[in-house]
Amino acid sequence: MKKMNDQRWCLRSAALLLCAATAVPVAVCAAYPERPIALVVTYPPGGTADLVARMLAPEVSKELGQNIVVENRGGAGGMIGGASVAKAAPDGYTIMLDAANHAQNPAVQPKMLFDTLKDFAPITLLQRVPNVLVVRSDNALKTVADLIAAGKQKEPLLYYASSGPGGAQHLAGVLFNALSGTHLEAVHYKGGSLALTDVMSGQVTMMFSTVGTSLPHVRAGKLRVIAVGSDKRIAAYPDVPTIAEAGVAGYASYEWNGIYAPAATPPEIIARLNKAFVYALKQPAVIARIHEFNGEIIASTPEELDIFRRAEIAKWQRVAKEYNLQLQP
């Protein structure tokens, strides 16, 4: 018994030292969480990132015993919300749900508002979902070949809707142009749902949308899927080819979501948050909902997310260099 008590004392002492080393009050680590936690979503309401956050928040709240309050802070391809979290106290009470732009911005943004790798501590990679190329249901474009033929003409220009400059949907179109030789021009909106609305109304020709946000409109007959951005066909549209299959070799476009905390957040808090989000991702209702929009659940460790994001940053840096992809300042 004495030996077991000594071991527990050593563990508590180690935790206290880690808290002290990160300048976080000991009480925060010992009783975390004691109050609601702000989950900053770096995109406006209505898109996949927002959907995933609001789906997970109740389950994470149950596991932690505190409310998770979702706060949307969109803008600048996720950098506005990211900057606010990077500056937040590293105490576990402000965390972030970010998307693929977490890895794309360092490659294509001429001026970053933070250091992606230094300013955020990874918690878990949640899920990923392919983008799909959609047009209004009565649009004359039926195939990727039709789009390439029309998109190579500079008169008239073809336009595609984007969730914002530097957003994953914007860069999906930039990559399509680079690989296919087309001249598609982006029209930027403050979020994916607003962008899709104008595609459905015929104001804009197409969009590289996520499956989750576009699927209800496809089922309602308002949108048609021309091709999917994944590396293989998906269950929602088994008869629809991938963009690579349809003639744009090497094309792949996914949206993915990860959870992060400000750098210097104590390891015990990171581990607690990882456990809570992984728990949420294992709940049957969450699994069913993510699978409904063809998401692939990951539920990684913090270390696995760090490896993944570094690989994604390196990939986009190679693509940006090869195809001279950079956003205008």
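The values are calculated or read from the model by the stated rules, or taken from the named source; none is laboratory data. The shown structure was predicted, so the numbers you read here are calculated from the model rather than taken from an experiment. Don't worry about glycine lacking a Cβ; one is built from the backbone with ideal geometry, like all the others, and counts go over all protein chains shown.
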Practice item. Have a look at ALA76, ALA23, ALA14 and point out the one that is on the phi > 0 side of the Ramachandran plot, modelled with pLDDT under 95 and exposed (fewer than 13 other Cβ atoms within 10 Å of the Cβ). Key: ALA23
Check your understanding: Consider ALA227 against the criteria (1) among the small types (Gly, Ala, Ser); (2) surrounded by fewer than 21 Cβ atoms within 10 Å (Cβ to Cβ); (3) modelled with pLDDT of 95 or more: it satisfies all of them except one. Which criterion is unmet?
Key -> (2)
**Study point:** Which listed residue, of LEU184, LEU171, is crowded, with 24+ Cβ neighbours inside 10 Å, in the same structural domain as VAL144 (by TED's automatic domain parsing) and not basic (Lys, Arg)
**Key:** LEU171
Review point. Could you list, in sequence order, the residues of the stretch 43-62 that are more than 19 Å from ALA100 (Cα to Cα) and crowded, with 21+ Cβ neighbours inside 10 Å?
Key: VAL60
Review point. Of all residues in the stretch 124-147, which are out of contact with any Lys or Arg (no Cβ under 6 Å at 6 or more places or on another chain) and more than 30 Å from GLU304 (Cα to Cα)?
Key: VAL134, ARG136, ASP138, ASN139, ALA140, LEU141, LYS142, THR143, VAL144, ALA145, ASP146, LEU147
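Go through the stretch 143-158 and report how many residues are outside any helix (DSSP H, G or I), more than 14 Å from VAL199 (Cβ to Cβ) and not hydroxyl-bearing (Ser, Thr, Tyr).
Going through the stretch 143-158 one residue at a time, the tally reaches 6.
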Check your understanding: Taking the stated definitions as given, is ASN294 assigned by TED's automatic domain parsing to the domain that holds ASP98 and more than 29 Å from LYS87 (Cβ to Cβ)?
Key -> yes
Practice item. State yes or no: is GLU268 surrounded by fewer than 21 Cβ atoms within 10 Å (Cβ to Cβ), in contact (Cβ under 8 Å) with a residue 60 or more places away in the chain and among the acidic types (Asp, Glu)? Key: yes
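Just a yes or no: is a residue in the stretch 196-211 over 15 Å from TYR160 (Cα atoms) and either surrounded by fewer than 23 Cβ atoms within 10 Å (Cβ to Cβ) or assigned by TED's automatic domain parsing to the domain that holds LEU141 (or both)?
Kept after step one, since they are over 15 Å from TYR160 (Cα atoms), are these residues of the stretch 196-211: 211.
Checking the rest, the ones that are also either surrounded by fewer than 23 Cβ atoms within 10 Å (Cβ to Cβ) or assigned by TED's automatic domain parsing to the domain that holds LEU141 (or both) come to 211.
Yes, the stretch 196-211 has at least one match.
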Review point. Quick one: in the stretch 181-206, which of the residues that are over 19 Å from GLN104 (Cβ atoms) and among the hydroxyl-bearing types (Ser, Thr, Tyr) is nearest to the chain's Cα centre (by Cα)?
Key: SER193
Check your understanding: Which members of the stretch 248-285 meet the condition of being out of contact with any strand residue (DSSP E or B) (no Cβ under 9 Å at 6 or more places or on another chain) and closer than 30 Å to MET207 by Cα?
Key -> ALA249, GLY250, ALA285
Review point. What are the residues in the stretch 232-268 that are over 24 Å from MET79 (Cα atoms), touching a Phe, Trp or Tyr at 6+ places or on another chain (Cβ under 9 Å) and modelled with pLDDT of 90 or more, if any?
Key: THR242, ILE243, ALA244, VAL248, TYR251, GLU268
Exercise for review: Pull up the stretch 230-243, narrow it to residues that are in contact with a Lys or Arg (Cβ under 9 Å, 6 or more places away or on another chain) and not polar (S, T, N, Q), then point me to the one that is surrounded by the most Cβ atoms within 10 Å (Cβ to Cβ).
Suggested key: VAL240
